[in-house]
Amino acid sequence: GQQLNQSPQSMFIQEGEDVSMNCTSSSIFNTWLWYKQDPGEGPVLLIALYKAGELTSNGRLTAQFGITRKDSFLNISASIPSDVGIYFCAGGITQGGSEKLVFGKGTKLTVNP
Amino acid sequence: DGGITQSPKYLFRKEGQNVTLSCEQNLNHDAMYWYRQDPGQGLRLIYYSQIVNDFQKGDIAEGYSVSREKKESFPLTVTSAQKNPTAFYLCASSMTSRETQYFGPGTRLLVL
């Protein structure tokens, strides 16, 4: 089945630093989504990407849909303490007429004030 | 407020008992999903429903059952056949089964 390799597994940074994380796969995906999850809460959608090569920003967040459709990255600029959490990538594929999401294992971000 | 609600937030059950987790949405979404999350892992799909009165097994359906009698509700039953039921359960919904999925706050199930 499809698998996503998300890296790094964890990051410890200082407030104000930029952050970069990525997901790669040997499979092709139709969509790429990036979610953030706070402890004990459900994931919240940050950015959705629908076309290969697409580069989309949401405030300090920027994500790109890889041109090969097998990868995506998420950048966070000028990190702040509230950026702490677990970031998940998800690749979307069409199966049986519906969109199935395959999730990475997450990148745990710690921001030191 | 529009959104997805899951109740309760925490649930404790004895081993061997069935337990039903609630998921309700007032977003008028056709599609609903149940995922399981274990520590340090990504989300794994248990069941999904594209429309009312229809549902399909996901990747880890064994030991679980669902129903979709109403558009806004998609309850998940964790049966005694599920070997390792302790986990964080997340419900999601989307306008259609081809649209972006949005998640509820989750229910943490602890089986003692």
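Read-outs: derived from the displayed coordinates by stated rules, not from any lab. Remember, predicted model here, so these are calculated numbers, not experimental data. Cβ sites come from the backbone with ideal geometry, for glycine too, and all protein chains shown count toward neighbours.
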Rounded to the nearest 20 Debye, what is the dipole magnitude of chain B about its Cα centre when Lys and Arg each give +1 and Asp and Glu each give -1 at the C-beta?
300 debye
Quick calc: nm separation of the 7 Å Cα→Cβ label points for A:Q2 and A:A78 -> 3.5 nm
Order of B:F12, A:F12, B:F74 from fewest to most other C-beta atoms within 10 Å?
A:F12, B:F12, B:F74
B:T20 label point, 7 Å along Cα→Cβ, cut-off 11 Å on backbone N: hits in region B:49-86?
B:66-69, B:74-78
Determine, from the Cβ-Cβ distance of B:I51 and B:S80 and an R0 of 30 Å, the FRET efficiency 1/(1 + (r/R0)^6), rounded to the nearest 0.05.
0.55
Work out the mean other chain Cβ neighbour count within 10 Å for the residues of B:98-108 and drop it here as an integer.
5
For peptide A:96-107, how many partner chain Cβ atoms fall within 10 Å of a residue's Cβ, on average?
6
Within 10 Å of each Cβ in B:25-38, the average number of Cβ atoms from other chains:
1
Please rank A:L109, A:L4, fewest neighbouring Cβ atoms within 10 Å first, as an exposure proxy.
A:L109, A:L4
Per-peptide average of other Cβ atoms within 10 Å, ordering B:92-98, A:99-105, B:51-57 highest first:
A:99-105, B:92-98, B:51-57
Please work out whether region B:30-103 counts as rounded, prolate or oblate from its C-alpha gyration tensor, where a ≥ b ≥ c are the square roots of the eigenvalues and a/c under 1.5 means rounded, while otherwise a/b larger than b/c means prolate and anything else oblate?
oblate
Please report the orientation-averaged projected area of region A:56-113, defined via the convex hull of its C-alpha atoms, in nm².
5.0 nm²
Exposure proxy check on B:W34, A:W34: fewest-to-most Cβ neighbours within 10 Å is A:W34, B:W34
Mean shadow area of the protein assembly as shown over all directions, Cα convex hull, nm²
12.3 nm²
Distant alpha-carbon pairs in chain A (separation over 22 angstrom), percent:
28 percent
